[in-house]
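To start, the structure itself, in structure tokens.
Every read-out reported here was derived from the displayed coordinates using simple, explicitly stated rules and does not represent laboratory data. The shown structure was predicted, so the numbers you read here are calculated from the model rather than taken from an experiment. Every residue, glycine among them, receives a Cβ derived from its backbone with ideal geometry; neighbour counts consider all protein chains shown.
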Amino acid sequence: MPLSVRTHTFAGNPLDRAGDRRGDAAWLTARLDDPDALAVALWNGRVLVEDAPDGGVRLAYLRADLAADAAGERAERLLFLGLWKETPVLAVEFEGEADPACGPLQGLGRFEELRGAASALPAPETGIAATAKSLFDWRRRHRFCSACGQPSESADGGWKRVCPACKAEHFPRTDPVAIMLPVHGERCLMGRGPGWPPGRMSALAGFLEPGESIEEACARELKEEAGLTTVKVTYHSSQPWPWPSQLMIGLFAEVADDRVAPDQTELEEVRWFTREEARDVLAGTHPEVQAAPPLAIAHWLLKAWVEEEPR
């Protein structure tokens, strides 16, 4: 049963992560050796998919033993993602320039960029793939102990790294991001960053800093990026964002006035929109502006405001 009526892309992972059992080496080994175990495959951040009978796209699950044999280096290449009922679900990572779908995985699917595949995958499977991608990205960036600099080793099915030299333990981190739609009266503000596609505008966003609440981060980012003073912050929903491992915290921010001053570094342009204009942006009929795609929480923040969803 969903915890919220708003489940965004990359959320809604249906697996039981069994986090309370991953530290049991014997239990975990039995799951990894289970002949019924399945594996999701990634290659350089791309995910293995196949065509579904209904004409859509779905994850291409491999037999876990096949995936492990093809990838090698079991401890470093395999992740325990969780249980689908009683079936273990793993993830295996392939690296290198050669496409494994043209080699050891030939005929078993094709690798696609997750950002593009996510719009076609069943919603729960985007959560599975995002979890695997985030964990593999973390592993790749934390092969050495941050305390003493020595090589670290995978533990707890890939959810922890341990330094054999100094015994330090390292865990995956998630970076929280406040993403907000500023509102003043009957208008909302969107902006565009340098290098964005022509016409694309979206909600504003920024990382939380140490010692800062979500509300404080929202207010600070709006002041820094747009010169706006926040008077009220309301939570809408959140979205995991696996590039590499962020949590987008969706907010509405009521601001004191409409005197906006973009900083020209994070934002090269900002613009106020009425509800009717924002409705056109969402519908793709605005003559100049395009909305963030439905893949992103920014799209749903704008849609909620247009539809006057209670806040």
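Quick notes
- Legend: P(r) of region 175-306 from all alpha carbon pair distances, 10 Å bins from 0, whole percents, reading 13, 47, 35, 4, 0.
- Restricting attention to the chain, lysine pairs at least eight places apart or on different chains and with alpha-carbon atoms under 28 angstrom apart total 7.
- Theoretical FRET efficiency, 1/(1+(r/R0)^6), r = Cβ-Cβ of Thr29 and Tyr235, R0 45 Å, to 0.05: 0.65
- Ranked by the mean number of other Cβ atoms within 10 Å per residue, highest first, peptides 204-213, 177-186 order as 177-186, 204-213.
- Evaluated with a Cβ-only charge set (Lys, Arg +1; Asp, Glu -1), region 34-146 carries a dipole of roughly 400 debye about its Cα centre, given to the nearest 20.
- Length gained when the stretch Arg6-Glu97 is fully extended (0.36 nm per residue, less Cα-Cα span): 28.9 nm
- The mean sequence distance of close C-alpha pairs (under 8 Å, at least 6 residues apart), as a share of the length of region 175-306, puts its relative contact order at 33 percent.
- Contour minus Cα-Cα distance for Ala168 and Ala123 (0.36 nm per residue): 12.5 nm
- Placing unit charges on the Cβ atoms of the charged side chains and taking the dipole of region 142-211 about its Cα centre, the candidate lying farthest along the positive direction among Val162, Ala147, His184 is His184.
- Acute angle (nearest 10 degrees) that the helix 214-226 long axis makes with the longest principal axis of the chain, alpha-carbon atoms: 60 degrees
- Whole-number D in µm²/s for region 25-140 (Stokes-Einstein; Kirkwood sum over Cα pairs; 20 °C, 1.002 mPa s): 151 µm²/s
- On the principal axes of its alpha carbon atoms, the chain extends 60, 50, 39 Å, with the longest extent given first.
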